[in-house]
Each structure stands twice: as C-alpha cells, then as structure tokens.
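In what follows, a structure is listed as structure tokens, so that the remarks can point back to it.
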Amino acid sequence: MQRTVILASTSRYRRELLTRLHLPFEVHAPDVDETAHAGETPRALAERLALEKANAVAARFPDAVVIGSDQVADLAGEALGKPGDHARATAQLRRMRGQTLIFQTAVAVVCHVTGFVQRDIAPVRVVFRDLSDAAIERYLLAEQPYDCAGSAKSEGFGIALLDAIDSDDPTALIGLPLIRTCRMLRAAGVDLL
C-alpha cells in the first residue's frame, strides 16, 4: 500500500521542486513558529524547523509520509531570513556583497503510524559578487525576491549576483534537497521509480 505523501509547507518553490518527482502529493501548512531560540545556530534552526514542520502536519495525518523542510541563510553564524520587503532585501544584499554564505537547507521525513523519522541537512556554499548599490537595486526591481531567505533566487535572475555555488544536492539552494528527499522517501517505503 502506497501511503499518502504530504509536503508540510506553504512554499511555492518547494511545491514546484517536489513535482519533479512525478509523485502524487498533498500540501498542508505546518503552522509552526519559526522564531529562532536564543543561541541557536542557523544550521540548528533549519534542522529543528524542518522536523517541527513535518511533525506538525503528521500529527493531523498520522498515516501519511510527511516532508518538512526549512532553509536559513547563514552569514558568518548569523541567520538571515526572508526579507519581506524592498528595504530589508536591499540591506541584506548590501551585507552579503563579496561574502560567502552557507544556505542551510534541512529536510525531514516522518510517518507517525510507522514511527519513521529521518532528517538531514544540505549546506550550500554561495559566494556573492561584490555588488554595487545600482546592481542590487536593478536586481530587486526585476525579481522582487522578498519571500526568499537571503533575498536572492538562484533559479532566476539572482544567478547574476553570484560568483560560485558549491553543493552536493543542487536543488537545496532553491529550498528542497531532492537527492536527500528521495533517499528518505525510499527509506520510508515510498516507491519513486
């Protein structure tokens, strides 16, 4: 029996990525407080939130295999979240110019009825160009990435902001590490191929 697969997310980027697997799935909002705990590293925050999101939805659908994911942009140990507006995005990109960030992208897969729980993290090292204020403004007006951690969409025009990307799971930078997700889904008993 194939269990229902649920993506515990409101992210359209994660939804689009998961469709690449040609797997039927549902989407349900996890309703999780994403506030960092005192002293929590960006990596620990991403891991905790991915698991909390999966568990929150699995509590409502205990027979389902639930995928939770979270991404935190890590600038020298400081978590940069989604900017939400133009002014905050401008400030983020100014701080990031010429810097190397680690985008900590965590994924968790759980099924409460079987007791299955796995989680992993796919860090992505990203080197930003030394951007002028004019280049930052042109980019933000063109793409308006206010719902993206770190204010940049590498799958779009944001690639022009970067000098290098280093990752062993290429979709992690967009928001869901599909290689790790596939591995966990297979371990949970979901047939992919």
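Within the set of pairs 6 or more residues apart or between chains, which connect a residue that is assigned to a helix (DSSP H, G or I) inside region 171-191 to a residue that is surrounded by 19 or more Cβ atoms within 10 Å (Cβ to Cβ) and β-branched (Val, Ile, Thr) with Cβ atoms less than 6 Å apart?
As it stands, the answer is 172/105; 172/124; 173/124; 178/171; 180/107; 181/107; 184/109, since those pairs meet every condition given.
Residues to consider are 173, 178, 161, 192; find the one that is under 24 Å from residue 21 (Cα atoms), surrounded by 21 or more Cβ atoms within 10 Å (Cβ to Cβ) and out of contact with any Gly (no Cβ under 7 Å at 6 or more places or on another chain). Break it down into steps so the answer makes sense when it comes.
On the way: 178 fails: surrounded by 21 or more Cβ atoms within 10 Å (Cβ to Cβ); 161 fails: under 24 Å from residue 21 (Cα atoms); 192 fails: surrounded by 21 or more Cβ atoms within 10 Å (Cβ to Cβ).
Result: 173 is the single residue among 173, 178, 161, 192 that is under 24 Å from residue 21 (Cα atoms), surrounded by 21 or more Cβ atoms within 10 Å (Cβ to Cβ) and out of contact with any Gly (no Cβ under 7 Å at 6 or more places or on another chain).
Mind listing whichever residues of region 27-63 are in contact with a Leu (Cβ under 7 Å, 6 or more places away or on another chain) and surrounded by fewer than 19 Cβ atoms within 10 Å (Cβ to Cβ)? I'd like the intermediate steps shown before the answer.
Residues of region 27-63 in contact with a Leu (Cβ under 7 Å, 6 or more places away or on another chain): 27, 32, 34, 36.
Residues satisfying the conditions are 27, 34, 36.
Among the residues of region 141-155, write down those that are more than 13 Å from residue 173 (Cβ to Cβ), under 20 Å from the mean Cα position of the chain (by Cα) and assigned to a helix (DSSP H, G or I). Outline the logic, then answer.
Taking region 141-155 as the starting set, the residues that turn out to be more than 13 Å from residue 173 (Cβ to Cβ) are 141-144, 146-147, 151.
From what's left, under 20 Å from the mean Cα position of the chain (by Cα): 143-144, 146-147, 151.
Residues satisfying the conditions are 143, 151.
Looking at (1) part of a helix (DSSP H, G or I); (2) surrounded by 20 or more Cβ atoms within 10 Å (Cβ to Cβ), which one does residue 72 not meet, given that it meets all the others?
The failed condition is (1).
Just name the residue that is farthest from the chain's Cα centre (by Cα) out of those in region 174-189 that are closer than 30 Å to residue 142 by Cα, of a type in the set (A, V, I, L, M) and at pLDDT 95 or above. Steps first, answer last, please.
Start the filter on region 174-189 by keeping residues that are closer than 30 Å to residue 142 by Cα, which leaves 174-178.
If we keep only those that are of a type in the set (A, V, I, L, M) as well, we get 174, 176, 178.
Imposing the further condition that a residue be at pLDDT 95 or above reduces the set to 176, 178.
Numbers: 176: 5, 178: 11 Å.
For region 174-189, the residue satisfying everything is 178.
From the list 85, 130, 166, which one is in contact with a Gly (Cβ under 6 Å, 6 or more places away or on another chain) and more than 23 Å from residue 186 (Cβ to Cβ)?
Details: 85 fails: in contact with a Gly (Cβ under 6 Å, 6 or more places away or on another chain); 166 fails: in contact with a Gly (Cβ under 6 Å, 6 or more places away or on another chain).
Of 85, 130, 166, the one residue that is in contact with a Gly (Cβ under 6 Å, 6 or more places away or on another chain) and more than 23 Å from residue 186 (Cβ to Cβ) is 130.
Looking at the structure I just gave you, is residue 34 over 23 Å from residue 171 (Cα atoms), in a loop (DSSP other than H, G, I, E, B) and of a type in the set (Asp, Glu)? Break it down into steps so the answer makes sense when it comes.
Details: over 23 Å from residue 171 (Cα atoms): no; in a loop (DSSP other than H, G, I, E, B): yes; of a type in the set (Asp, Glu): yes.
So residue 34 does not fit the description; no.
Which one of the conditions (1) within 27 Å of residue 96 (Cβ to Cβ); (2) assigned to a helix (DSSP H, G or I) does residue 55 fail to meet, given that it meets all the rest?
If we test residue 55 against (1) within 27 Å of residue 96 (Cβ to Cβ); (2) assigned to a helix (DSSP H, G or I), just (1) comes out false.
Okay, residues lined up against (1) buried (at least 18 other Cβ atoms within 10 Å of the Cβ); (2) touching a Ser or Thr at 6+ places or on another chain (Cβ under 9 Å); (3) farther than 20 Å from residue 76 by Cβ:
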position: 116; (1), (2), (3): no, no, yes
position: 119; (1), (2), (3): yes, no, yes
position: 123; (1), (2), (3): yes, yes, no
position: 129; (1), (2), (3): no, no, no
position: 133; (1), (2), (3): no, yes, yes
position: 140; (1), (2), (3): yes, yes, yes
position: 152; (1), (2), (3): yes, no, no
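The values are calculated or read from the model by the stated rules, or taken from the named source; none is laboratory data. No experiment lies behind these values; they were computed from the predicted model shown. Glycine also receives a Cβ, built like all others from the backbone with ideal geometry; neighbour counts cover every protein chain displayed.
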